[in-house]
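Below you'll find the structure, written out as structure tokens, and then a few comments.
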Amino acid sequence: MPLADEFQSIVDSLPDDWSDLELELRIRDVSRYIETATYLVTCNAQPLSKSEWHWRLLVAHRFGHAAAAPVVHGTLKLLDNAEIEGELVLREVRAGRVEVTQMWGRPESVREEFRKLRAQ
């Protein structure tokens with residue numbers, strides 16, 4: 001199964017309130033490691049040097065300090081287009097987290113706009 005499709009099936013299987021997840025990626029042809037790393041820089045993949053797995057991908061759903069799910073999907077699609085085969089494994093999912101934003105001192109119009117954006 002192509003990496004982008006595998007990622008999409010993982011995301012589709014999660015509940016809507018997932019906040020972030022951690023994936024590990026292993027490529028089949030280690031001689032293409034540098035080429036793969038060049039693609040993965042777009043989603044800030046972390047190299048795993050002391051493991052048989054090559055990279056850790058941190059993915060955020062609606063907020064957080066990780067790559068957005070559409071960015072990770074697009075990056076994996078680039079790997080598929082370059083015919084780089086690999087395997088994804090879901091290591092951890094966190095759900096039910098809520099974004100905390102400091103609203104002290106902001107006018108009510110800003111607070112309403114923020115609520116409207118986050119309600120989508």
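Points to keep in mind about this one:
- Filtered by the rule that a residue be part of a loop (DSSP other than H, G, I, E, B) and modelled with pLDDT of 85 or more, the range 105-120 gives G105, R106, P107.
- Any hit, the range 58-66, residues being surrounded by 14 or more Cβ atoms within 10 Å (Cβ to Cβ), out of contact with any Phe, Trp or Tyr (no Cβ under 8 Å at 6 or more places or on another chain) and charged (D, E, K, R): yes
- Scanning the range 64-83 for residues that are part of a loop (DSSP other than H, G, I, E, B) and within 18 Å of I27 (Cβ to Cβ) returns A82, E83.
Residues checked against (1) modelled with pLDDT of 95 or more; (2) farther than 22 Å from R118 by Cβ; (3) assigned to a helix (DSSP H, G or I):
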site	(1), (2), (3)
I10	no, yes, yes
R26	no, yes, no
Y33	no, yes, yes
T42	no, yes, yes
E52	no, yes, no
R62	no, no, no
L88	no, yes, no
E92	no, yes, no
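- Annotation: W18 fulfils all but one of (1) aromatic (F, W, Y); (2) in contact with a strand residue (DSSP E or B) (Cβ under 7 Å, 6 or more places away or on another chain); (3) surrounded by fewer than 17 Cβ atoms within 10 Å (Cβ to Cβ); the unmet one is (3).
The values are calculated or read from the model by the stated rules, or taken from the named source; none is laboratory data. All values reported here derive from a predicted model rather than from experimental measurement. Backbone-built Cβ (ideal geometry, glycine too); neighbour counts: all protein chains shown.
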